[in-house]
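Written out below as structure tokens is the structure these notes cover.
The values are calculated or read from the model by the stated rules, or taken from the named source; none is laboratory data. A quick note: this is a predicted structure, and the numbers were derived from the prediction, not measured. Glycine gets a Cβ as well: all are built from the backbone with ideal geometry, and neighbour counts include every protein chain shown. With ligands, DNA and RNA removed, areas are computed over all heavy atoms of the protein, side chains included. Shrake-Rupley method; radii C 1.70, N 1.55, O 1.52, S 1.80 Å.
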Amino acid sequence: MTRINEIVTLARQGNVSVVTLNNPPVNALSHALREGLLNAIAHAGRDKESAAIVIVCEGQTFVAGADITEFGKPPKDPRINAVISAIEESPKPVVAAMHGTVLGGGLELALGCHYRIAVPSARFGFPEVNLGIIPGAGGTQRLPRIVGVERAIEMITSASQISAAQAREAGLLDEVVLGELLAGALAFAQKLVTENRPLKRVRDRDEMLKPVRGNTELFAKARQSVGRKARGLKAPLAAIDAIEAAVNLPFEQALQREREIIMAQVGSDQSKALRYFFFAEREAAKIPGVDTSNQPKVMQAAVIGAGTMGGGIAMSFANAGIAVTLIDVSEQALEKGIGIIQKNYENTAKRGGMSEADVGKRMGLITPSTKLADVAGAEVIVEAVFENTQLKKTVFAEIDRHAQPGAILGTNTSTLDIDDIASATKRPESVIGLHFFSPANVMKLLEVVRTGKTAPAIVARSMALGRQMRKVPVLVGTCDGFVGNRILRARSKQAEQIIMYGGFPHQVDGVLQEFGFPMGVFAMGDMAGLDIGWRIRQERGLKSPVADALCEMGRLGQKTGAGYYRYDPQNPAGARTPIVDPMVNELIVKASNDAGIERKEMNNDLVRERLLYPMINEAAKILEEGVALRASDIDVIWIYGYGWPRYRGGPMHYADAIGLRAVRDRLREFEREFGEAFKPAALLDRLADEDKTFAEYTAEVKAGAAKLESAAA
Ligand code: T1G
């Protein structure tokens with residue numbers, strides 16, 4: 001065996017050279033890997049005893065793409081394309097032997113090989129658009145030559161993965177290896193040599209392109225449907241440009257076109273934001289001083305309350321293969337809750353999202369009960385009863401009596417004081433907020449809310465449980481509204497102010513949708529039901545002139561056919577599509593007059609800044625209070641829980657991109673004109689004065705914590 005460099009080795013077994021890549025954790029195509037691979041191919045090429053070459057990887061996966069940490073830095077030779085050309089031009093057949101998740105540059109590398117084989121569990125895909133770029137090493141050129149243009153467009157613009165069986169069926173794989181991968185690869189390579197099989201260069205294939213050459217309609221249609229789904233993300237449309245070039249231009253020219261497109265994208269705001277988010281999402285799982293990785297898997301859970309949230313949470317447990325007891329003291333409510341769960345699963349099966357057998361299996365994991373004592377066998381209990389402190393305390397006192405020692409006692413409250421709820425037990429250190437988002441079986445975000453008393457072990461197990469449930473758990477501290485809702489409240493307050501001072505609901509919602517949110521504030525209020533906010537305002541003695549007036553008129557939103565907007569079941573654009581109602585705008589103008597407010601027209605930029613800057617300001621307060629560990633955690637919460645467009649990175653990344661001084665100065669202008677509510681947070685002021693970013697502040701805090709930790713060690 002020859003060690004080419006620290007992560008690439010070369011060995012020969014009989015007359016087959018084996019190049020082994022070992023760049024943990026995901027064999028990313030770093031500079032060292034590219035260099036090592038290129039040298040290994042050259043080395044094997046010169047070896048007279050070698051008649052074929054196999055490329056295989058150590059670790060969890062074959063190459064999972066380019067090294068994202070190298071983006072934005074000066075590129076180093078050899079580039080990926082040079083390595084792939086060397087493989088493609090090899091006088092000996094090169095076989096990619098794959099396992100794990102073969103993604104992006106990894107799949108491009110395989111497409112540069114003459115043959116591709118994999119184990120049955122391997123998965124294949126081009127996730128580049130999730131990073132705001134297109135495949136940049138020939139993926140848009142070679143993939144359509146094998147799987148066809150339409151399938152290539154679908155795979156690259158959706159970033160979806162396909163299985164080994166699907167890849168075999170699509171012609172992407174020459175063989176699925178049932179036994180040990182390397183042994184299968186050696187036998188396959190041997191066969192190529194013995195049968196003197198041709199060196200199939202993908203770039204030479206044209207049979208899948210010829211039929212669509214010049215077919216502009218196909219691409220126009222693709223742009224239309226992809227454009228609709230992309231909602232402002234640019235990369236999927238750019239990918240269609242590159243694939244169209246593959247069809248209509250000579251290979252090298254089209255490859256150059258692909259290169260030009262990706263080089264322009266790498267420096268784009270969208271790609272910077274998406275790459276930031278890629279690492280932010282992974283960082284959120286890491287809690288200083290708490291080991292969340294080696295935690296035991298949860299086998300048995302219990303959920304209390306079979307309402308909308310309780311039912312969705314029980315489904316999330318079952319979807320992750322965790323047995324769950326769904327408890328509701330009311331037999332009727334339990335029956336209704338179980339019925340809704342069954343219906344949800346059956347609807348998913350009808351849409352082909354799961355098999356009938358899966359429906360049975362998931363339902364089999366959910367055990368209904370009316371007895372609170374049945375929490376006894378659960379390692380985690382999630383209380384999801386009506387949002388009332390006294391009721392929750394009664395439930396927690398009961399849970400405390402029956403739950404096993406060490407059980408996680410979770411509450412799904414979104415507004416109430418968790419310390420107060422925990423005080424109803426003798427083990428407040430076991431109590432934690434597990435704040436799911438509606439619909440809980442769909443939404444990925446899980447706000448894990450620790451109190452001052454929550455034990456680190458409960459935090460660690462709750463974070464691990466979140467990942468086991470295939471959620472994105474983010475750890476936050478307690479405060480009114482935690483992180484997500486507290487920032488949401490800042491935006492909702494401004495939205496109400498804007499319509500009182502000159503704007504209208506459709507303008508506010510239009511600005512947010514233009515920005516990339518799936519839905520605006522007022523349309524979302526109508527969807528959730530305006531009575532929820534109305535009840536909370538009445539409980540807290542708060543007023544909202546327009547919203548209160550609408551509720552008093554019975555306009556509670558979609559469920560009553562009218563709220564801020566009107567809804568028409570016959571509407572060709574859809575029964576849930578908001579229709580602007582002049583009556584509501586009149587009501588708003590009257591409310592302003594009654595409040596003695598002089599209305600002024602507002603342009604969209606002003607509306608956008610008045611909605612988003614107070615959010616950033618509230619987030620800065622959350623950060624300085626330590627309720628969020630990192631600025632990036634706030635971004636993960638808003639992207640996974642509140643529809644902030646991923647390609648804008650989240651409110652904190654967005655603020656850093658604008659510049660904190662500009663945000664702070666604008667807030668000061670608003671403070672002078674609209675009052676104290678816009679007063680910049682102390683942290684925002686400091687960072688603006690020091691010309692720093694929230695990301696730098698987070699790095700400072702992290703370094704400070706590490707220093708303390710090592711001093712304590
Ligand atoms: N580059 C650098 N680091 C990476 C990485 C990558 N491509 N992929 C993962 N990591 C790090 C990650 O930050 C984490 O680090 C650790 O590996 C484990 O990741 C030319 C230009 C492969 C499915 O987009 O989707 O190729 O937090 O926690 O859940 O056309 O990682 O431990 O310090 O996610 O087992 C295209 C991205 C690149 C794939 C594994 N490829 N990765 O999931 O582990 S662009 C991607 C993933 C490209 C070409 C273009 C997942 C995974 P840390 P993890 P996992």
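Computed per residue of the chain from DSSP H runs no shorter than four, each worth -39500 (n - 2.57), the mean residue ellipticity at 222 nm is -15500 deg cm²/dmol. Computed over region 294-445, the alpha-carbon pair-distance distribution with 10 angstrom bins reads 12, 43, 34, 9, 1, each value a whole percent.
What fraction, in whole percent, of alpha-carbon pairs in region 572-677 exceed 23 Å separation? The answer is 46 percent, as a whole percent. Applying 0.36 nm per residue to the separation of residue 673 and residue 249 and subtracting their alpha-carbon distance, the gain on full extension is 146.9 nm.
Using the Cβ-Cβ distance between residue 224 and residue 589 with R0 = 45 Å, the FRET efficiency computed as 1/(1 + (r/R0)^6) comes to roughly 0.70. Segment residue 333..residue 11, full-extension length gain: 109.3 nm, with 0.36 nm per residue of separation and the alpha-carbon distance subtracted.
Each label was represented as a point 7 Å from its Cα along the Cα-to-Cβ direction; for residue 415 and residue 363 these points are 3.5 nm apart. Across region 503-518, rounded Karplus estimates of 3J(HN,Hα) from the backbone phi angles (6.51 cos²θ - 1.76 cosθ + 1.60, θ = phi - 60°) give x, 9, x, 5, 6, 4, 5, x, 4, 5, 5, 4, 6, x, 5, x Hz, Gly and Pro being marked x. Shape analysis of region 409-485 places it in the oblate category; the axes a ≥ b ≥ c from the Cα gyration tensor give an a/c of at least 1.5, with a/b not above b/c.
Per-peptide packing, taken as the mean over residues of other Cβ atoms within 10 Å, places 172-181, 302-311 in the sequence 302-311, 172-181 from highest down. Separation of region 491-522 from region 27-85 is 50 Å, based on Cα centroids. FRET efficiency for the residue 401 to residue 183 pair, using the beta carbon distance and R₀ = 45 Å, is estimated at 0.20. Here residue 362 sits with roughly 60 square angstrom of accessible surface, probe radius 1.4 Å.
Under a no-solvent Debye model with one identical scatterer per Cα of region 442-530, what's log10 I(q)/I(0) at q = 0.13, 0.17 Å⁻¹? Relative scattering, expressed as log10 I(q)/I(0), comes to -0.60, -0.84. Please determine, in degrees from 0 to 90 and to the nearest 10, the orientation of helix 308-319 with respect to the longest principal axis defined by the Cα atoms of the chain, where the helix direction is its Cα long axis. Roughly 20 degrees, rounded to the nearest 10.
Could you tell me the relative contact order of the chain? Use alpha-carbon pairs under 8 Å, at least six residues apart, and round to a whole percent.
Taking the mean separation of contacting Cα pairs over the length of the chain, I get 8 percent.
Computed on region 621-703, the Cα convex hull volume stands at 100 Å³ per residue.
The H on the amide N of residue 5, modeled in the peptide plane, is under 5 Å from the matching H of no residue at least 5 residues off or on a different chain. Sort out for me the Cα centre separation of region 334-369 from region 115-179, rounded to whole Å. Centre-to-centre (Cα) distance: 32 Å. Please give the helix 582-594 orientation as an angle from the longest Cα principal axis of the chain, in degrees from 0 to 90, rounded to the nearest 10. The angle comes out at about 50 degrees.
When the solvent-accessible area of region 560-617 is split by element, carbon and sulfur atoms take up 50 percent of it, the probe being 1.4 Å. Non-local lysine pairs in region 574-713, meaning eight or more places apart or on different chains, with alpha-carbon distances under 28 Å, amount to 10. Entry for the chain at q = 0.06, 0.08, 0.10 Å⁻¹: log10 I(q)/I(0) = -0.43, -0.76, -1.14, Debye formula applied to identical alpha-carbon scatterers, no solvent contribution.
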